[in-house]
Amino acid sequence: MNVNGIKCVLLDIEGTVCPISFVKETLFPYAIRALPDVLSTKWDEAEFRSYRDAFPEEYRSSPATLQAHVEDLTRRDVKVAYLKNLQGFLWEDGYTTGAYSTPLFPDVGPKLKAWRAQGLQVAIYSSGSVFAQKLLFGHINVDDTLGSKRQGVDGDAKTRGDSTGEGKATITTESATDDPSEKTDNASTIPKPKTEDMTSIISGWFDTTNAGLKADATSYTTIATALKWQPSEILFLSDNVHEVDAAIQAGMNSIVVDRPGNVPLSSEDQTRLKAIKSLESITLNLSN
Ligand SMILES: CSCCC(=O)C(=O)COP(=O)(O)O
């Protein structure tokens, strides 16, 4: 698919550059498991207070109330900024200890680098916080043998505390589980996955705090203004048809990215929208 006159590619994250399963089955459960330790040790610490106080008052009357609310929002995948900011805070240790790293779809890294080399700007727009976006792109898994989440890696406080950079993390037995209570004490160590920091390729970072909600056309106008491009000079790629519709309404070019594990596209959406299965299908020309 050829698109002309594009100066900037704006990408969604979940279901576009990485599988939905990485977010739902690795990142979300990690945050839920990490939270009790943070609530018991950092409840009144300056480091945590701003995340806590961003929640509505009725949900921060006690650590147990906040934990229950975070679990409920996560289960319902509510994309509210105070949850997304807290998740970014909780995910940092998981990336730095090597408990997980980002499994980009194989076409993504090479294509983003090629677009940069061609002189195009690459920017991100996700419901995940800008802080979480930078963690995600700062820890791209380049080690096929280990996968994005190491078998049996313990996601609780033991592992979270190990940010020494020694290249090891505490793990349990081979039976990986998201429930720390099901883990054994049979700890051993395996090397951290090899990762690449791809943040330098990206020169625009947008979330619901600095741009607005992803299904609102005005958010895309805000982004175009911030990037100093005409909307028509931007190509937005997302798995979500409502986001694609909003971007088109704002005057951007937009294509649906239809990845394994995504919600299947209706036949109507397949007819009315452009859709691709891999970024390899896109050829961009800076001039018209
Ligand atoms: C950037 S962090 C992980 C993604 C995330 O938390 C999320 O809600 C995904 O939202 P997206 O808008 O990228 O689909």
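The values are calculated or read from the model by the stated rules, or taken from the named source; none is laboratory data. Quick caveat, the model's predicted, so the values are computed rather than measured. Using ideal geometry, Cβ is built from the backbone for each residue, glycine included, and neighbour counts are taken over all protein chains shown.
Restricting attention to the range 14-37, the residues that are more than 9 Å from the ligand (Cβ to nearest atom) and farther than 18 Å from residue 73 by Cα total 2. Look at the range 31-53: where a residue is among the basic types (Lys, Arg), no partner that is surrounded by fewer than 11 Cβ atoms within 10 Å (Cβ to Cβ) sits 6+ places away or on another chain with Cβ atoms under 7 Å.
Would you pick out the residues in the range 96-139 that are polar (S, T, N, Q), touching a strand residue (DSSP E or B) at 6+ places or on another chain (Cβ under 9 Å), within 16 Å of the ligand (Cβ to nearest atom) and in a loop (DSSP other than H, G, I, E, B)? It would help to see each step written out before you state the result.
Kept after step one, since they are polar (S, T, N, Q), are these residues of the range 96-139: 96-97, 101-102, 118, 121, 126-127, 129, 133.
Keeping just the survivors that are touching a strand residue (DSSP E or B) at 6+ places or on another chain (Cβ under 9 Å) gives 97, 101-102, 118, 121, 126-127, 133.
With the extra rule that they be within 16 Å of the ligand (Cβ to nearest atom), the set shrinks to 101-102, 126-127, 133.
Correct list: 101, 126, 127.
Number of residues in the range 224-252 that are within 16 Å of the ligand (Cβ to nearest atom) and in contact with a Cys (Cβ under 9 Å, 6 or more places away or on another chain) equals 0.
Taking the conditions exactly as written (touching a Gly at 6+ places or on another chain (Cβ under 9 Å) and either assigned by TED's automatic domain parsing to the domain that holds residue 28 or over 28 Å from residue 196 (Cβ atoms) (or both)), does residue 87 satisfy them or not? Full working, then the answer.
Values: touching a Gly at 6+ places or on another chain (Cβ under 9 Å): yes; either assigned by TED's automatic domain parsing to the domain that holds residue 28 or over 28 Å from residue 196 (Cβ atoms) (or both): yes.
Answer is yes for this residue.
Let me confirm something: among 11, 73, which residue is under 26 Å from residue 274 (Cα atoms) and within 12 Å of the ligand (Cβ to nearest atom)? Steps first, answer last, please.
On the way: 73 fails: under 26 Å from residue 274 (Cα atoms).
The unique qualifying residue is 11.
Screening 58, 92 for residues that are within 16 Å of the ligand (Cβ to nearest atom) and acidic (Asp, Glu) leaves exactly one candidate, 92.
So that you can scan it fast, the table gives a plain yes or no per residue for (1) in contact with a helix residue (DSSP H, G or I) (Cβ under 6 Å, 6 or more places away or on another chain); (2) more than 26 Å from residue 106 (Cα to Cα):
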site: 201; (1), (2): yes, no
site: 204; (1), (2): yes, no
site: 212; (1), (2): yes, yes
site: 238; (1), (2): yes, no
site: 242; (1), (2): no, no
site: 253; (1), (2): no, no
site: 257; (1), (2): no, no
site: 272; (1), (2): no, yes
